[in-house]
Amino acid sequence: MTFPIRADSPARFTGPLPAAADVVVIGGGVIGVMTAWFLTRRGLSVALCEKGRIAGEQSSRNWGWVRKQGRDPAELPVMIEALSIWDGLTAEAEADLGFRRTGILYAAKRPEDIARYEAWLVHAREHGLDTKLLGRAEVEALLPNAAGWIGGLLTPSDARAEPWIAVPRLADALARKGVAIAEDCAVRALDIAGGRVAGVVTERGRIAADRVVLAGGAWSSLLLARHGARIPQLSVRATVAATAPLPEFYSGAASDSSFAMRRRADGGYTLAPGHFHEFFIGPDAFRHLKPFWPHIRAELSGTRLLPAAPRFYPDGWFTPRHWAEDRVTPFERMRVLDPVPNRAEVERLRDRFGHAFPALGRPAIAAAWAGMIDTMPDVVPVIDHVAALPGLTLATGMSGHGFGIGPGVGRVVADLVAGRAAGHDLTRFRLSRFSDGSKIVPGPSL
Ligand SMILES: Cc1cc2nc3c(=O)[nH]c(=O)nc-3n(C[C@H](O)[C@H](O)[C@H](O)COP(=O)(O)OP(=O)(O)OC[C@H]3O[C@@H](n4cnc5c(N)ncnc54)[C@H](O)[C@@H]3O)c2cc1C
């Protein structure tokens, strides 16, 4: 199996661009697609521009966990709403998205893991979640023949979905509702007139719109910087592997401190290192070192530093920060950010899986891939209007957990754009936290 969405996959959304729309959405990941979904429901006309392929980047490459468990308390109300939206999406999209409420388990190897789980239970109780602490025997009952776990944290109502299937199928449903979706359509710049957003300049021409949503994942800060707005956003490479089909010994998602796994609809398991990322040092690393410092310090043992990103990456040393609207931009030079996976890490994953489940042994690997996870210093997103660029709303920096919450974020962003009540307290997600002297407090990152 090769990874299903790549730059050379044929474009599926190739219709004409409208000259104008009520709202232009930049980015065809889960956030952009779900924002367009709810904007359409509010009766607004939407054009969605994707530089490469729908869900080509993080939204297809992720683990497929749809979880409340371990989240920042400020995200929980949006996530609870997201899960109830997921419940109805299969019927609304008239397509199987692989969504199943099969539970999420964190398995503990050490007493300090249990202590961290216990601390998070306070938030679970406050929000009425079904999360519970498990003892050794209960973990063994869930994961038969497993080795070495002393307890765990389980949220049975959490879920899984199939990343490279779900978001493209949601986009298909959106297109059937009349949303203009354009792949191979990079937004080169915002069109600014009289100090406010008047639309976007794409590689295929202008679209007039007095409201624009930027949901560009790892590229958002680059586009914003072109317009003089800086956000502290960095990305890390995360490697993932898919086993060949295996007997179903566990139907949900589970992790410990060394690896994570999830049952897939095609009969295999998706495996990933628990806490290992690779960080390519670039100009933004120096620019944003201060706000990121608490997070970097906490994650240092699980982070491998590399001196430079490959060519054309968002924070590459030679990636232009300024460009003309009538020339090819960095967004067109990298249609789909498709990092090379770390093969040594894939081999270690096979070892860890085989060690944890000796009866199954080292699994055969059907495919390996990687994704660039875009993150903010406090590991929670930005969901806000951009005061310096009136008409622009930003939904980015999902910090490694935006797939599950995507439908909730899409609903919230659509209502912000439509001038309606967001329905949740978004204070923690405000953009100004990075410029008004606020203390940056990283979320629980469990
Ligand atoms: C390995 C990995 C594992 C993960 N596991 C999980 C998980 O289990 N559960 C979970 O909830 N989350 C997980 N995540 C995080 C989750 O995948 C992301 O938070 C989420 O997909 C982000 O969605 P997005 O729409 O913001 O960004 P993306 O999916 O990255 O989409 C952004 C899109 O914008 C496009 N774009 C950017 N700039 C422009 C431009 N100028 N013009 C046009 N288009 C543009 C890009 O091409 C891209 O397609 C994981 C991520 C990775 C990489």
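One residue stands out among those in segment 389-430 that are touching a His at 6+ places or on another chain (Cβ under 8 Å) and hydrophobic (A, V, I, L, M, F, W, C): the one that is nearest to the ligand (Cβ to nearest atom), which is Leu394.
Within segment 222-244, how many residues are touching a helix residue (DSSP H, G or I) at 6+ places or on another chain (Cβ under 8 Å), closer than 17 Å to Pro330 by Cα and within 10 Å of the ligand (Cβ to nearest atom)? Residues that pass the stated criteria total 3. Pairs linking a residue in segment 391-404 that is modelled with pLDDT of 95 or more to a residue that is within 6 Å of the ligand (Cβ to nearest atom), with Cβ atoms under 6 Å and 6 or more positions apart or on different chains, are Ala395/Ile31; Ala395/Ala215; Gly400/Ile373; Phe403/Val30; Phe403/Asn62.
Among the candidates Ala91, Ala82, which residue alone is open to solvent by 30 Å² or more (accessible area, probe 1.4 Å) and closer than 24 Å to Asp172 by Cα? Before the answer, list the steps.
Values: Ala82 fails: open to solvent by 30 Å² or more (accessible area, probe 1.4 Å).
It is Ala91.
Can you find even one residue in segment 200-208 that is among the small types (Gly, Ala, Ser), crowded, with 19+ Cβ neighbours inside 10 Å and within 14 Å of the ligand (Cβ to nearest atom)? Show your work before the answer.
First, pick out the residues of segment 200-208 that are among the small types (Gly, Ala, Ser): 205, 208.
Going one step further and asking which of them are crowded, with 19+ Cβ neighbours inside 10 Å, we end up with none.
No, because not a single residue in segment 200-208 is among the small types (Gly, Ala, Ser), crowded, with 19+ Cβ neighbours inside 10 Å and within 14 Å of the ligand (Cβ to nearest atom).
Could you please let me know if Met79 is near the ligand (Cβ under 10 Å from one of its atoms) and more than 18 Å from Gly217 (Cβ to Cβ)? Yes, satisfied. Val340 satisfies every condition listed in (1) surrounded by 15 or more Cβ atoms within 10 Å (Cβ to Cβ); (2) under 20 Å from the mean Cα position of the chain (by Cα) except (1).
Report, by residue number, each residue of segment 429-443 that is of a type outside the set (Phe, Trp, Tyr) and either open to solvent by 60 Å² or more (accessible area, probe 1.4 Å) or out of contact with any helix residue (DSSP H, G or I) (no Cβ under 6 Å at 6 or more places or on another chain) (or both). Working first, answer last.
Kept after step one, since they are of a type outside the set (Phe, Trp, Tyr), are these residues of segment 429-443: 430-433, 435-443.
Across segment 429-443, the qualifying residues are Arg430, Leu431, Ser432, Arg433, Ser435, Asp436, Gly437, Ser438, Lys439, Val441, Gly443.
Of all residues in segment 349-362, those satisfying the criterion of being touching a Lys or Arg at 6+ places or on another chain (Cβ under 6 Å) and not small (Gly, Ala, Ser) are Arg350, Arg362.
The set of residues in segment 44-79 that are among the acidic types (Asp, Glu) and open to solvent by less than 10 Å² (accessible area, probe 1.4 Å) contains only Glu75.
If only one of Pro381, Pro407 is within 12 Å of Gly443 (Cβ to Cβ), surrounded by 24 or more Cβ atoms within 10 Å (Cβ to Cβ) and at pLDDT 95 or above, which one is it? Step through it out loud before you land on a result.
Numbers: Pro407 fails: within 12 Å of Gly443 (Cβ to Cβ).
Matching residue, one of Pro381, Pro407: Pro381.
Of the residues in segment 156-179, not one is in contact with a Leu (Cβ under 9 Å, 6 or more places away or on another chain) and at pLDDT below 95. Checked against (1) farther than 15 Å from Met398 by Cα; (2) near the ligand (Cβ under 9 Å from one of its atoms); (3) not aromatic (Phe, Trp, Tyr), Gln58 meets all criteria but (1).
The values are calculated or read from the model by the stated rules, or taken from the named source; none is laboratory data. Keep in mind it's a predicted model, so treat the numbers as computed, not measured. We place every Cβ from the backbone using ideal geometry, glycine too, and count neighbours over all the protein chains shown. Surface accessibility is based on the protein's heavy atoms, side chains included, excluding ligands, DNA and RNA. Shrake-Rupley method; radii C 1.70, N 1.55, O 1.52, S 1.80 Å.
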